[in-house]
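Engineer: Here it is, the structure in full.
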Amino acid sequence: MRFWRLYKFRRSAACVCFTLIIAGISPSIPAQTPAPNSPGNKPENSNVTGATLNFAPNDPPGEWRSQARDYANTRYSTLDQINTDNVAKLRMAWTFSDGTLNGHEAAPLVVDNTMYVVTPFPDILFALDLTRAGEPIKWTFKPNPSPISKGKACCDTVTRGVAYANGKLIYNLLDDHTVAVDAKTGKEVWRTKMGNVETGETMTMAPFVVGKKVLVGDSGGEMGVWGWIAALDVDTGKELWRAYSTGSDKDARIGADFKPFYDRLKGKDLGISTWPAGMWKHGAGSVWAWISFDPSLNLIYYGTSNPSPRVPDQRPGDNLWTSTIFARDVDSGMARWAYQTTPHDRWDYDAVNEDILMDLAINGQERKVLVHFDRNAYAYTIDRATGEVLKASPFAYQNWSSGFDMKTGTPIVDPDKEPHPNVKLVNVCPPDIGGKDWQPAAASPRTGLVYADIFNICMDVTDHDASYIPSSPYDGMDMHRYPAPGGNLGEFMAWNPATGQKVWSIKETYMTMSGVLVTAGDVAFYGTADGWFRAVDARSGKVLWSQKLGSGIIGQPITYMGPDHRQYIAISAGIGGAATVRADVIALRPLDFPAGGNTLYVFSIDGNSMSSGPGQLSEKDGISETPPKTGKSNQH
Amino acid sequence: MRVRSTTFAIGIAALSLLLGGCKHSQGGSITTQAVRGLPSEDMIASVPLGQVAGEPSLSVAALSISNPYQGNAQAIQQGKQLYIRMNCAGCHAYNGKGNMGPDLTDAEWRYGGLPIQVYKSIRDGRPQGMPAWGVALPPKDIWKLVAYIQSLGGTVSPEDYEHARQGDQPGEQVAPEAQADAQLASPPPEAEVSPVPSDQPIAQPGLAPTMIPATHPGTPVAPKRKTKPAEPKASEPQP
Amino acid sequence: MTPCAIFLYVRIMRVSGSVRIEPPMAYHRTFGPAVDSITRLGWGLGIISLLVIIIIALLLLGGIFRKRGVDSAADPRQLTVRRDAGGMAWIYIGVGASSVVLIGCMIWTLIVTAAVTHPPVAPALTIQVTASQWWWSLRYLDDSPSQIFTTANEIHIPVGQPIRFELTSADVMHSFWIPQLAGKMDVIPGQTNVMWLQADHPGVYRGQCAAFCGPQHAHMALTIVAEPPEDFLAWKHSQLSDTAPPETEETLRGAQIFQTHCAVCHTIRGVSPAGLVGPDLSHLMARHTLAAGLLPNTPGNLAGWIDNPQALKPGTRMPNPILSGTELTAVTSYLNTLH
């Protein structure tokens, strides 16, 4: 007995001593970019690349006000209540099912203790009151988009999210309207018609707000639309400027300030002369994914889609300005530089993927760059002031290109991988959806790395000459997709943008088509197409936690601080999108899980929240404005 | 004498061959003839989209119109060409399994799977994005398209339509074949840290084109590195 | 007539400049370097063959009617051995002469075929021809992509320059044949055959599909219009430019009817890229014929064709459209504005 008590004392004393020793010897050098609320107890060389990120417009850390988190598209959160030590204790806190069934690609926004959830068609917007148990719906906005749009969306009737600006939630409806909704009341403030859905044009991208402007673009690279990006006034919805992706320099808003880095992009009216007569009018180049912004240069960065039709032999020429990354002045819309990632795009590679802005040292020189994982399987590090390609290396399996010519900034195309009408071309990698599609990556200033969900897929393709019949697809690609060597369809990776190399990766059997979230807790989150949501150590790549959700995950995870001062992780599950829509086209083992799901999952440590726990919880329970000072309440 | 009778015999043989040739099934180059005439516009107009009010189980004669080109191999081939050239394949996929438009090979038909109903869907269009082709394509071409769709296996047979309407159809087992992949149930693999691969050259600006091997810059053969021991932190949420 | 005289005759006719020949498919006279030497070869071999026939016929006749020498019927048991005058010499001379002529012809043939395989200079213009049942789609290629355009059935080329053709078929085998300018070249689905030709004199040359390809094979004609380079450039420029939009009420209505009834198969450049199933109708009024040479291009013929193509060209892929009388008039008047 005595011995036992002594033993216990010694054990606890040993624990205390041990703890003190460990605490004492662990270095306490702060991280390179100290973020607010961060203890910063990581070793000095933790930032592998020395990259720094600009978090303008510096939204409150506990909120999530835009899809990409900030202008630079970092998708990085400074919250670290959830970190590598405790992330394994994440449990479901509450869920919300929105009643629709198509691909859920959007992230919810959290502003002022309200969560805004948007659904795929019919694009319903919910406001959830986070201060009340059960997160009851404050209001619901039903925009009533035209049902014709359901038959015009190539890759499911999705929306990639809403934007918040000035007390309004702004988003695009599938039928080419941009609407603004009052965040408090849910009433429509303005609605602007941006295109005609009957021609086959739709809108699926999340608007991007810079100051008093909201930037939107169209979808329809498979429908022979005329691609464009436009700026609207945040308060009135009035169109301020529109820049097309093909056509004359006037249409494309190219003027005297336009200084592309590479010679093949210099010339007059290249948006017409690089197309056979008249074909530029239906050449697409739609703007359907992400936009970033550099406040110091006043430039927005975005990419345009593939050219139309998807049969390259019908449109000889470089087909500018499709599959092109643009830098434009946000106020005037005039182009500053452009870089075409895949000239005369033969495989529908687009260039729409996000451009993550960071500053880092390349070959000893500090550069302001953008990091872009293109669908063509090349990862680019591009000087964002000039458009010069600093690094270009494959991040996924590809065989369409035998190399990259850094002098001219063009990939070298393997002629055997060029499709021609009525000829079956076998084993072209990556397929049209690319080495990585629109699913956005995230960057961490603590590790200096970029994290992305990528694909490992190839295709067999046969082209058929396509007629342009308005409102029907202007397409012609007959494809069958299957896994590339390795057998896995998906992969989650950490990438070093300074050296252009993969640092570590996790292979997944199914496609990994979710957005990525990385936090100051050094945890990165991603999801798979069969419904696994995972948390990973951002430094080592070790999987710390996994949770199977109700449906595949193609949405974007976010994190926020609830009114109860708990950090939550939110992710929508609902498979769809390009991952399952074309059942003939992808050997996704499509019958392993049903297409369609619609649940928003919110996780917290131990699942603690107002909305779960013993006792009869109800909506009447909630968080008052100032939380009680001492502990016992009906929260846990 | 012998010569004349031989000539006569040859003449008869040639004539019969010629006449026999007339009944021969038309070559692909000649307009494919329908076995019988195409259904009249009045018959087609009498096909309701929904049930007949007041008598929901009424059998409507027009619903049992069958496709005059059904089973006609040339018509199916021409229908397939039209399917590609009129961009049907762009929305419904080259094998009919669906994309922007629904699957045409399964038994699920929002507007009815009978040949006459499919015909009307093509001819008149439908609200969720299906264009109306009746103006551009003559009835013959639309029936040929229907014949092609019928050949994909999903449509409802006119003889069967009452059962189909009332749901008297067998279900389908769509489960996958035997899953040899036990991996689906197992926990995810450990991430393996890969060092910078020494065989992958890094493209340098300013030099001559650098050939980057088009191989999968893939994982790893490096030994796993242990993560640092976790440091304890105060991590409870504040009340 | 000696071969020389024939050659002289041909030369004189060519120099005189007139090139319109009746019947238009006659190929005994040609007008381009791709075939001129072949024509000469053809004539030459023909004449040689004729001479050979004549010589052999004469020899044979000579042999038949030659007076026989004295025949001694004296001794029936004795075999009559006749040794004709000349004996083996005839054989040596015959074989020798034949060999020389044949080898000469062979060398001549080889020289000619080698000469016509490649154009004398690199062709400045390439035209992609896609044959369908029963019309020809033509795509003019250019280094500058915006100068690439498509037309149908009527090929314009500049005079005096070699033109390269890339031939393929969209359905069955056809054959590309303009007798006065080139030999036949088969047009095979799934394969691209390349040939060249050159027109040395301006004019309109008729061509024809030369491989049976279905019931309207006989009505699958081609026209090549060879014109001076300035005229060709003017034509090309007009093809590349957009047609003026319709202005009158009737032509506007016609344009609308065209969009709904016809545009799924036919493209009019400048309106929008559209169907590829049927011939490109851009600048339709600039063409001499309709329906691949079947009808002269007149408003009446155009209306008749649109109204009932099956009656004029049974089995053609164009269905009889469902147009009322006024709709037909509107469409025809619209098409008549496409200069």
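Engineer: Buried by at least 10 Å² relative to the chain on its own: which residues of the stretch A:499-516 qualify, computing accessible area with a 1.4 Å probe on protein heavy atoms?
Structural biologist: For the stretch A:499-516, once contacts with the other chains are taken into account, A:499, A:501, A:502, A:503, A:504, A:505, A:506, A:507, A:509, A:510 lose 10 Å² or more.
Engineer: Across the stretch C:227-244, in residue order, what do the Karplus-derived ³J(HN,Hα) couplings come to in whole Hz, using 6.51 cos²θ - 1.76 cosθ + 1.60 with θ = phi - 60° and x for Gly and Pro?
Structural biologist: After applying 6.51 cos²θ - 1.76 cosθ + 1.60, I find 9, x, x, 5, 5, 5, 5, 5, 4, 4, 4, 5, 5, 6, 7, 7, 6, 5 Hz.
Engineer: Given a 1.4 Å probe and no ligands, DNA or RNA in the count, how much accessible surface is buried by A and B, both sides, to the nearest 100 Å²? Write out the running numbers ahead of the final one.
Structural biologist: Values: alone 22990 and 17890 Å², together 35300 Å².
Buried area (both sides, nearest 100 Å²): 5600 Å².
Engineer: Another one. Net charge near residue A:206: determine it from the other residues with C-beta under 13 Å of the C-beta of residue A:206, scoring Lys and Arg +1 and Asp and Glu -1.
Structural biologist: So the environment of residue A:206 carries a net charge of +1.
Engineer: Per DSSP helix of 4 or more residues, -39500 (n - 2.57); summed, then divided by the residues of chain A. What does that give at 222 nm, rounded to the nearest 500?
Structural biologist: On the way: 3 runs with 32 residues, N = 636.
For chain A, the value works out to -1500 deg cm²/dmol.
Engineer: Shifting gears a bit: Any idea what the dipole of chain A comes to, in debye rounded to 20, about its Cα centre with Lys/Arg Cβ at +1 and Asp/Glu Cβ at -1?
Structural biologist: Working: 61 positive and 68 negative charges, 465 e Å.
The dipole of chain A has a size of about 2240 debye.
Engineer: Shifting gears a bit: Working from the alpha-carbon coordinates of the stretch A:284-374, get Rg over Rh, Rh being the Kirkwood radius.
Structural biologist: 1.03
Engineer: If you take each beta carbon of peptide B:91-104 and count the beta carbons of other chains within 10 angstrom, what is the mean? Working shown, then result.
Structural biologist: Values: counts 8, 2, 7, 11, 5, 1, 5, 4, 13, 16, 4, 1, 2, 0.
Per residue, the average neighbour count from other chains is 6.
Engineer: In terms of modelled amide H atoms, which long-range or inter-chain residues lie less than 5 Å from the amide H of residue A:412?
Structural biologist: HN-HN under 5 Å from residue A:412: A:402, A:403, A:404, A:405.
Engineer: Given the options C:138, C:284, C:323, which has the most mean-square fluctuation in a GNM of chain C, springs set between C-alpha atoms less than 10 angstrom apart?
Structural biologist: C:323
Engineer: Using only Cα atoms and rounding to the nearest 10 degrees, what angle (0 to 90) does helix C:325-335 make with the longest principal axis of chain C?
Structural biologist: Tilt of helix C:325-335: around 70 degrees.
Engineer: Return the long-range amide H neighbours of residue A:503 (sequence gap of 5 or more, or a different chain), with a cut-off of under 5 Å between placed amide H atoms.
Structural biologist: A:494, A:495, A:496
Engineer: Between the helical axis of A:2-25 and the dominant principal axis of chain A, each derived from Cα atoms, what acute angle in degrees is found, rounded to the nearest 10?
Structural biologist: In chain A, helix A:2-25 runs at an angle near 40 degrees to the longest axis.
Engineer: If you count only protein heavy atoms and use a 1.4 Å probe, how large is the accessible surface of residue C:185, to the nearest 10 Å²?
Structural biologist: 50
Engineer: Continuing with this model, one more query. What do you get for the angle between helix C:3-15 and the principal long axis of chain C? Use alpha-carbon atoms, 0 to 90 degrees, nearest ten.
Structural biologist: Roughly 20 degrees, rounded to the nearest 10.
Engineer: Can you give me the distance in nm between label points at residue C:47 and residue C:166, each placed 7 Å from the Cα along the Cα-to-Cβ direction?
Structural biologist: 4.2
Engineer: Could you please state how large a percent of the accessible area of the stretch C:249-335 is carbon and sulfur, counting protein chains only and using a 1.4 Å probe?
Structural biologist: Numbers: 2070 of 3380 Å².
Within the stretch C:249-335, the accessible surface is 61 percent carbon and sulfur.
Engineer: Lys and Arg at +1, Asp and Glu at -1: add these up for the other residues within a Cβ distance under 11 Å of residue A:378 and post the number.
Structural biologist: Values: positive: A:375, A:391, A:436; negative: A:374.
Result for the neighbourhood of residue A:378: +2.
Engineer: Modelling each spin label as a point 7 Å along the Cα-to-Cβ direction, I'd like the residue C:100/residue C:238 distance in nm, to one decimal.
Structural biologist: 5.8
Engineer: What does the charge count around residue C:116 come to, taking other residues whose C-beta lies under 15 Å from its C-beta (Lys +1, Arg +1, Asp -1, Glu -1)? Let's see the in-between values first.
Structural biologist: On the way: positive: C:40, C:164, C:184; negative: C:36, C:200.
So the environment of residue C:116 carries a net charge of +1.
Engineer: Also: Report, in listed order, any pair from A:193/C:236; A:142/A:368; A:152/A:620; A:268/C:236 with a Cα-Cα distance greater than 32 Å. If you can, show how the numbers build up before the last one.
Structural biologist: Values: A:193/C:236 40 Å; A:142/A:368 42 Å; A:152/A:620 44 Å; A:268/C:236 22 Å.
Exceeds cut-off: A:193/C:236; A:142/A:368; A:152/A:620.
Engineer: OK, next. On average, how much accessible surface per residue is there in the stretch C:249-335, in Å², for a 1.4 Å probe, leaving out ligands, DNA and RNA?
Structural biologist: Details: 3380 Å² over 87 residues.
For the stretch C:249-335, the solvent-accessible area averages 39 Å² per residue.
Engineer: Once amide H atoms are built 1.01 Å from N in the peptide plane, which residues 5 or more positions from residue A:240, or in another chain, come under 5 Å H to H?
Structural biologist: Amide H neighbours of residue A:240: A:231, A:232, A:233.
Engineer: What residues does the stretch C:114-152 have that are buried by at least 30 Å² of accessible area in the full protein assembly compared to the chain on its own, 1.4 angstrom probe?
Structural biologist: Residues shielded by partner chains are C:139, C:145, C:146, C:148.
Engineer: Taking 22 Å as R0, compute the FRET efficiency from the Cβ-Cβ separation of residue C:147 and residue A:249 and round it to 0.05. Display every interim value, and only then the final one.
Structural biologist: Details: r = 19 Å, r/R0 = 0.86.
Once the sixth-power term is evaluated, E becomes 0.70.
Engineer: Further question: Can you pull out the buried accessible area for chains B and C, both sides counted, probe 1.4 Å, rounded to the nearest 100 Å²? Could you put the intermediate results ahead of the total?
Structural biologist: Details: alone 17890 and 18680 Å², together 35550 Å².
The buried area between B and C, both sides summed, comes to about 1000 Å².
Engineer: Right, here's the next one. For chain C, what does -39500 (n - 2.57) per DSSP helix run (n ≥ 4), summed and divided by total residues, give at 222 nm, in deg cm²/dmol to the nearest 500?
Structural biologist: Values: 8 runs with 118 residues, N = 339.
When only DSSP H runs of four or more count, the value is -11500 deg cm²/dmol.
Engineer: Shifting gears a bit: Heavy-atom accessible area per residue, chain A, 1.4 Å probe: how many Å²?
Structural biologist: 31
Engineer: Measuring from label point to label point, each 7 Å out along Cα→Cβ, what is the residue C:109 to residue A:187 span in nm?
Structural biologist: Going from the residue C:109 label point to the residue A:187 one covers 9.4 nm.
The values are calculated or read from the model by the stated rules, or taken from the named source; none is laboratory data. Note that the structure is a prediction, hence the values are computed from the model and not measured. Using ideal geometry, Cβ is built from the backbone for each residue, glycine included, and neighbour counts are taken over all protein chains shown. Surface accessibility is based on the protein's heavy atoms, side chains included, excluding ligands, DNA and RNA. Shrake-Rupley method; radii C 1.70, N 1.55, O 1.52, S 1.80 Å.
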